[in-house]
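Written out below as structure tokens is the structure these notes cover.
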Amino acid sequence: MEHLSKSDDTSVDQNDQPSTETPAYSTMSTDSATAYFRSNSDASAFSETVDDSSYSSEPSPLHWPVLKSDRQNNPVLGRLRMKQHKHDVNENYDNFECVDPELEMMKERFAKLLLGEDMSGGGKGVCTAVTISNAITNLYATVFGQKLRLEPLNQEKKAMWKREMNCLLSVCDYMEEVTATTQELQDGTSVQVMTSRPRSDIYVNLPALQKLDAMLLDILDSFQETEFWYAERGSMSSNSISSGSFGRVAQLNEEKWWLPVPCVPPDGLSEESRMKLRHKRDCVNQIHKAAMTINSNILAEMDIPEGYIASLPKTGRESLGDTIYRYICTPEKFSPDYLLDRLSITSEHEALDLANKVEASMYTWRRKSCISHSKSSWNMVKDFMADTERSDKNHNLAERAESLLFCLKQRYPELSQTSLDTWKIQCNQDVGQAVLESYSRVLEGLAFNIVARTGDVLNADGA
């Protein structure tokens, strides 16, 4: 019996050796997501003291020594306790999900980003850059898509915009570029070392866009107590308008039938209110120009997709047509404003169609100019005079087309994206450029809408 007791004591001691690396789990507060991490510990972080009196103190019938009820020395009890705590954590986590639907929404957004909008998980989704660009565009449509009046943004949508934009923009915090810097050692020797720093385009443009974003939201919040109001088109009859029951009413374009009609008092706005409206319109107009400049610069830095180059016509004349081509090729001084006046563009659709044609012809002539300079040395010597004349002609035509496109965009600032811009956005794989381009584009659209709505109120005041 004594021999049996000794052998059993030995087996107990071997099985009760504590693990030196036990996974420890820790939960953060309910304000943040539950996090798990591994650490070196002799006991679980969920360890609790156990009352020794809960175990029987009667001697063993085989006269084995009675062990103290130390849970740390009993792996079986430790595993059971871990399972129990794991069950408790899962219950608490489920309760947290029930009371926080925002977590489910963010999980859905995160899943779409990882899957590239291919919810089948088959790997046929778009790249990360396009996914983030689409996410920012869709968020803008959700928050500001129905923003048709000059009034403060709903608090729920405002919080949604800030929360999700912070999430989408957080990827920029980890974008770095490596540069060579000179470092002097203790012995006076200078060596070059590679150091990392934030990407220059992110470092410069992202804070500026965030500042413009905050300014636009502040301007919207300032429209709390106004002297003007809005009326739906369906509630306004010709008799009520003529009788003056709606006050002064703005004459809006019939093509934009979905917009509410701004109304002002019969005597018009007060001078103070009118001055504030004009000042806000000027401020938002500057914001619009700043966002448009950033967007144009980012688009200009993107590579031209090969698919767009392959889709270009063989000649610029084929793209522009005979009338515009003859005027651009005139040896006299070229005036893009005069050409646009002669064309008599009547709608934004015609302006966008002309912009696509001019842009296509511009890159066609640029491509021909580059091809003429890429010949071998013998061919360049052989056809020197012809090459020079052709190259100068293509270069001049491309410059004239570029000036015409610039003038067209200035006349129609609300012009949609051209075909080349769409190609660049869809084929772009740079996440940083995708964030800056989509962020500046939605801010440009928001600023333009505020300027347009402010102009409608001022037009009603002057009616």
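The values are calculated or read from the model by the stated rules, or taken from the named source; none is laboratory data. Nothing here was measured: the structure is a model prediction, and the numbers come from that model. FYI the Cβ positions are ideal-geometry reconstructions off the backbone, even for glycines, and counts take in every protein chain you see.
Annotations
- Tallying residues that are among the β-branched types (Val, Ile, Thr) and over 38 Å from the mean Cα position of the chain (by Cα) within region 325-345 yields 2.
- Checked against the criterion of being in the same structural domain as Ala447 (by TED's automatic domain parsing), buried (at least 16 other Cβ atoms within 10 Å of the Cβ), of a type outside the set (Ser, Thr, Tyr) and in a helix (DSSP H, G or I), the candidates Leu150, Leu168 yield just one match: Leu168.
- Remark: pairs (first residue in region 295-323, among the aromatic types (Phe, Trp, Tyr); second residue surrounded by 13 or more Cβ atoms within 10 Å (Cβ to Cβ) and at pLDDT 90 or above; Cβ separation under 9 Å; 6+ apart in sequence or on different chains) = Tyr308/Ala360; Tyr308/Tyr363; Tyr308/Ser419; Tyr308/Leu420; Tyr308/Trp423; Tyr308/Lys424; Tyr308/Cys427.
- Subset of region 176-197 [surrounded by 10 or more Cβ atoms within 10 Å (Cβ to Cβ) and either of a type in the set (Asp, Glu) or modelled with pLDDT of 90 or more (or both)]: Glu176, Glu177
- Each residue in region 171-190 was checked for being over 30 Å from Ala434 (Cβ atoms) and part of a loop (DSSP other than H, G, I, E, B), and 5 of them qualify.
- Residues satisfying the stated conditions in region 225-277, i.e. surrounded by fewer than 13 Cβ atoms within 10 Å (Cβ to Cβ), at pLDDT below 60 and of a type in the set (A, V, I, L, M): none
Matching residues to (1) in contact with a Pro (Cβ under 7 Å, 6 or more places away or on another chain); (2) over 24 Å from Thr422 (Cβ atoms):
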{"position": "Gln286", "(1), (2)": "no, yes"}
{"position": "Leu340", "(1), (2)": "no, no"}
{"position": "Asp353", "(1), (2)": "no, no"}
{"position": "Lys357", "(1), (2)": "no, no"}
{"position": "Thr364", "(1), (2)": "yes, no"}
{"position": "Cys370", "(1), (2)": "no, no"}
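- Count of residues meeting criterion [over 30 Å from Lys211 (Cα atoms) and either part of a helix (DSSP H, G or I) or not assigned by TED's automatic domain parsing to the domain that holds Tyr439 (or both)] in region 294-321: 11
- Subset tally (residues that are at pLDDT 50 or above and in a helix (DSSP H, G or I)) for region 348-392: 29
- Exactly one residue out of Glu108, Glu104, Glu151, Glu156 is more than 21 Å from Ser170 (Cβ to Cβ) and either basic (Lys, Arg) or free of Cβ contacts under 8 Å to residues at least 12 places away in the same chain (or both): that is Glu156.
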